[in-house]
Structure formats: C-alpha cells, structure tokens
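For reference, the structure is listed below as structure tokens.
The values are calculated or read from the model by the stated rules, or taken from the named source; none is laboratory data. Quick caveat: nothing in here was measured; it's all calculated off a predicted structure. For neighbour counting, all protein chains shown are included, and Cβ atoms are generated from backbone atoms with ideal geometry for every residue, glycine included. Just the protein is used for accessible areas: all its heavy atoms, side chains included, with ligands, DNA and RNA removed. Shrake-Rupley method; radii C 1.70, N 1.55, O 1.52, S 1.80 Å.
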Amino acid sequence: MQHKIFPALLAASIVALTAAPATALEHGDPATDSPEAQTVAQLKIGRVGSFGDCTGTLVAAQWVLTARHCLESVNNTGTQARINGTTYDTDSWALSPLSDAALLHLTAPVTDTKPAEISTQVPEPGKRGTLYGWSSSSSMARRGQLPQAEMEVAELLGGSPAGPAGADAAASAGEDTDVGESVPAAEAMPGLKAPEGTESVPASEAMPGGAPDGPMPLIESAILDVHSTGRAGMQGGDSGGPFFVDGKLAGLATAGTANGDPDLPSPSAAITTLAGTKDWIEGVVSGRDKEAILTAETTPEPPKTPQTSADHAWFYAGMAVLGLIAAAVVSRIPGLRGRKR
C-alpha cells in the first residue's frame, strides 16, 4: 500500500514547499568543469523573474528539463535559460502529466554543450550522486559559481521503479506489483481538510502541480529521499536541479524535505526520478508529441498562489510537517499495506 499511498502523502509536503517557482545548495562545493555540470541551466521564470528562480538541464539542443511546478505558478512569457554563460530565450514549454517534470523550448540551439543523457535506472538506496542548483539564494551562485553537492539515496519513497510502464513490465514478468490501491487524500491523511468539492477525488486522479487551494498533485514517478553527505542544503531556486548518478541524469530536485520553509537550506530532498518520464521527454523533444507543447496563447492562466513561501509561512510549514509525519506513519502500518483494491 505504501508505494501507492505515498504519492498522495508526499504531495502535501511538496505542495507546501513548491508553491512558488523555487525550492541552492548552500554550503555546497564549486562544480568542476565536467560534461554534466556544463548542461546545468540557470533559469529566469517569466518577465518579472530573475536568474536563479529555478534550475534546469539541457537534454536536447533546444530543450531544457526542469520541475513542472516551476512553470505552473507564474506566467512563463519571457522565460530565459542561461547555459555556460550564454542566455537563451524560450518560446514554448511542456508539462509532464504524471510527474514533477517540464520542458522549456529554446529559440536557438545550444551548440557548445552536449546534452545530458537521461538514465533508465532508478538509483537504489546507498547509491550516491551529484545534485546541482543555481538558486539565487546561494551565495556561491550569486558569485557566478555553480554549486554542487554529493547526495546519497536513503530510500525509495513511492511510485513504480519506472512509473506506470515499470509497473506494467514488472507485472508481465510475473513480479509482485500488488502494492495496494490509491485512496482519497482525505482518507490517506486523516485530519487534513480537503478543499470543498474535492473530498472524493483520489490522489491518483489529481493532476501534478496542484496549489494548496486545489487538488493534491499526482506524483506517479518514483521519488527518492536523498541526504547530503556534507553540509550542503537545498533551498529556494534549486527546484528542477539535476541529480546525476554515474554520469547520467537520474532525477530532478522537487523539494527540500527537512523543514517547511523552502528558503532555508534542507540537507535532505525529494528527487523525482526520470526513468518513468523518459518516454514522454523523448516524445516532446522529437516532435512526435506536439499536443503537449504550450505557448503563451495556449497556456491557461496560472493558479493564483503566493509567489513566495513567506506570504503564508506558517501555513506551508504546517502542511509540510503534516505531510511528512503522515507519510512516515502511514507507510509503515501493516494493515494499510495489506489493503486490496
């Protein structure tokens, strides 16, 4: 049950930590001039944004991958990406329907950097990788130096090893995929009052990127709980930052999880893996999935959410703590794990 119910529970804390296009590796190390570091993009979201709003990764000559929630809370017109000191304009974007992932299309190709290779594997507990973040909250980033931090996978929090496709593959191979059914968020988290009109909406049917005053988002891809092996802490602006394992892009930063304020460095983070999202990414990048691409003319108005966590700091802190505690408790209750569809 825990791998199905956890996305709904984790969603509560992720919503709290990512209502704004934010969530730097404060106290991190200066990144070396490596092939993977060269792909890391510093993002300015919208005309009123500033570089360091979020972080992304070059995954194709004209496509940058970032977190979905970075592009959902503001008007994306005027968004730019800075890669290896060069600034690129964007003209369209795409939002993953099943995970906290999104793509930005650049108006001109990047010719001096080899795009990152997306991993088809989900890192196992104990595996170490490198997380990068261009947050404007980082003193190092403000000096023009990309911060990096070594992070170790502590636990696989939820989702199939490779999303829905991974679950289907496991079932075909005869592996046990009965991890219970998804339940309404209100049932999964007793005491959490769902918004009016959404009490009966299962977490598995809610779309990603829901704001605190909307449905809880679905996190269908596997989520990793990673912990810094040093003093580095993720904070506002690292959202969408790449998590590289063995030279390949294994995931992106979704939220810091050690506290309820995204502006405070968090030594632990939730990483959305990309194994289950790779097919969607390739479909958009290749041009096969044209319907997923949005522009200023075709994008719905962004939800009216606060731009910073400071606007409702206590609300976000409470939601984050509630989600994390509920996740820890519910995922370990034998009776819930044994429930059947």
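Before moving on, here are some points about what is shown:
- Residue 98 meets each of the listed conditions (1) open to solvent by 10 Å² or more (accessible area, probe 1.4 Å); (2) among the hydrophobic types (A, V, I, L, M, F, W, C); (3) not in a loop (DSSP other than H, G, I, E, B) apart from (3).
- Residue within the stretch 53-62 that is buried (at least 24 other Cβ atoms within 10 Å of the Cβ), at pLDDT below 95 and not in a strand (DSSP E or B) present: yes
- Scan of the stretch 34-52 for residues that are of a type in the set (Val, Ile, Thr) and assigned to a strand (DSSP E or B), ordered by number: 40
- Any pair with Cβ under 7 angstrom, 6 or more apart, that starts in the stretch 220-247 at a residue that is under 20 Å from residue 64 (Cα atoms) and at pLDDT below 85 and ends at one that is open to solvent by 10 Å² or more (accessible area, probe 1.4 Å) and not hydrophobic (A, V, I, L, M, F, W, C): 221/159; 221/276; 236/137; 236/262; 236/263
- Within the stretch 70-95, the set of residues being farther than 19 Å from residue 39 by Cβ and of a type in the set (S, T, N, Q) comprises 73, 75, 76, 77, 92.
- Filtered by the rule that a residue be under 13 Å from the mean Cα position of the chain (by Cα) and either aromatic (Phe, Trp, Tyr) or part of a strand (DSSP E or B) (or both), the stretch 257-271 gives 269, 270, 271.
- Exclusive hit being out of contact with any helix residue (DSSP H, G or I) (no Cβ under 9 Å at 6 or more places or on another chain), open to solvent by 10 Å² or more (accessible area, probe 1.4 Å) and farther than 23 Å from residue 256 by Cα, set 142, 68, 128, 82: 82
One line per residue, one yes/no per condition, for (1) part of a loop (DSSP other than H, G, I, E, B); (2) open to solvent by 20 Å² or more (accessible area, probe 1.4 Å); (3) out of contact with any Asp or Glu (no Cβ under 8 Å at 6 or more places or on another chain):
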{"position": "239", "(1), (2), (3)": "yes, no, yes"}
{"position": "244", "(1), (2), (3)": "no, no, no"}
{"position": "255", "(1), (2), (3)": "no, no, yes"}
{"position": "276", "(1), (2), (3)": "yes, yes, no"}
{"position": "279", "(1), (2), (3)": "no, yes, yes"}
{"position": "282", "(1), (2), (3)": "no, yes, yes"}
{"position": "285", "(1), (2), (3)": "no, yes, yes"}
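- Residue pairs meeting the criteria (Cβ under 7 Å; at least 6 apart or on separate chains; first closer than 20 Å to residue 139 by Cβ, in the stretch 42-58; second among the basic types (Lys, Arg)): 42/82; 50/44; 51/44; 51/82; 53/44
- Residue 77 polar (S, T, N, Q) and open to solvent by less than 10 Å² (accessible area, probe 1.4 Å): no
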